[in-house]
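The values are calculated or read from the model by the stated rules, or taken from the named source; none is laboratory data. Because the structure is a prediction, the values reported are computed rather than measured. Backbone-built Cβ (ideal geometry, glycine too); neighbour counts: all protein chains shown.
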Amino acid sequence: MDAAIFEAARGLVQRHHVHFDVREEVVVERDERKKIGYRVRLWAVVSGARILPGDASASIFGAALRELAEVVVPNEPGTTSVAVGNIHPMLYDSRVVPGADEVALDVLLLHQGGDGATDESEERCVKAVRKTLEALGAQQRD
């Protein structure tokens, strides 16, 4: 990532108090749990604006998360399928700024679209996403 994009993304993270969490994506087959990838949820604080839950996806906060998702996903994800979801159509109470709301966006990192168990490709991909987010100043919150 070049310096200008990095600085723009870092500014976005700071302005919107972006943070993230990482969860395993698991399916159950024949009473067995199989990890098929990861869900990285990006959060942005809605500060200084009042939006309704249905407006979250069309807000500047939703746009900021989508832009950030494009920056943090590796260019060469290997066998990992990357899917950037839609902004959740609801607002959440902020865990970062008291009295503020947050919007969320999921980035799915799945083994071949969810057709198999995770391997080193998904592990590399989620580590790269984490490393980039942390370098930009986003903190992981679980």
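Residue-level check: of (1) buried (at least 16 other Cβ atoms within 10 Å of the Cβ); (2) in contact (Cβ under 8 Å) with a residue 12 or more places away in the chain; (3) acidic (D, E), E24 misses just (1).
Could you say whether any residue in the range 51-64 is in a helix (DSSP H, G or I), more than 15 Å from Q140 (Cα to Cα) and aromatic (F, W, Y)? So far as the range 51-64 goes, yes, one or more of its residues are in a helix (DSSP H, G or I), more than 15 Å from Q140 (Cα to Cα) and aromatic (F, W, Y). State yes or no: is F6 of a type in the set (F, W, Y) and part of a helix (DSSP H, G or I)? Taking the combined requirement at face value, the residue satisfies it. Number of residues in the range 56-82 that are surrounded by 15 or more Cβ atoms within 10 Å (Cβ to Cβ), modelled with pLDDT of 85 or more and not basic (K, R): the value is 11.
If you check L42 against the conditions, is it surrounded by 12 or more Cβ atoms within 10 Å (Cβ to Cβ), part of a helix (DSSP H, G or I) and either touching a Ser or Thr at 6+ places or on another chain (Cβ under 7 Å) or not hydroxyl-bearing (S, T, Y) (or both)?
No, not satisfied.
Taking residues in the range 115-129 that are of a type in the set (K, R), and partners anywhere that are modelled with pLDDT under 85, the pairs with Cβ atoms closer than 8 Å and at least 6 places apart or on different chains are R124/G78.
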